[in-house]
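Q: Handing you a structure now.
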């Protein structure tokens with residue numbers, strides 16, 4: 001993560017299935033992180049989480065709800081930048097439409113980064129990472 005944070009080029013990460021473990025930490029440093037709407041993204045599996053928290057892996061469904069690992073949850077927490085919708089058509093047609101959506105997002109991001117200096121790219125990545133999640137102040 002430390003080395004990725006210093007890269008002088010934009011990092012665009014796309015979560016297409018299950019992003020987990022140490023790899024999940026690393027891609028969180030991306031300048032842009034996109035996620036397919038039915039993917040999940042977490043540093044630990046729900047089974048692992050429930051085993052640690054409750055010493056009971058069978059409570060994985062409860063753990064999954066608490067972990068906030070869905071695309072909607074992660075967008076709200078500012079962990080990801082955008083949800084890529086997945087069409088409901090047959091597999092081949094859905095793949096083509098999803099690939100087209102991803103291509104559009106990558107091209108758009110690259111146009112944005114093309115106007116930025118190396119230092120601005122690094123700073124944007126740093127600020128994005130620092131602004132993930134929110135602290136709620138209790139009164």
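Q: Looking for something farther than 21 Å from residue 126 by Cα and at pLDDT 90 or above - is there at least one such residue anywhere in the range 17-33?
A: no
Q: Could we say that residue 4 is within 30 Å of residue 119 (Cβ to Cβ), outside any loop (DSSP other than H, G, I, E, B), in contact with a helix residue (DSSP H, G or I) (Cβ under 8 Å, 6 or more places away or on another chain) and modelled with pLDDT under 90 here?
A: yes
The values are calculated or read from the model by the stated rules, or taken from the named source; none is laboratory data. Nothing here was measured: the structure is a model prediction, and the numbers come from that model. Neighbour counts are summed over all protein chains in view; Cβ atoms, including those assigned to glycine, are modelled from backbone coordinates with ideal geometry.
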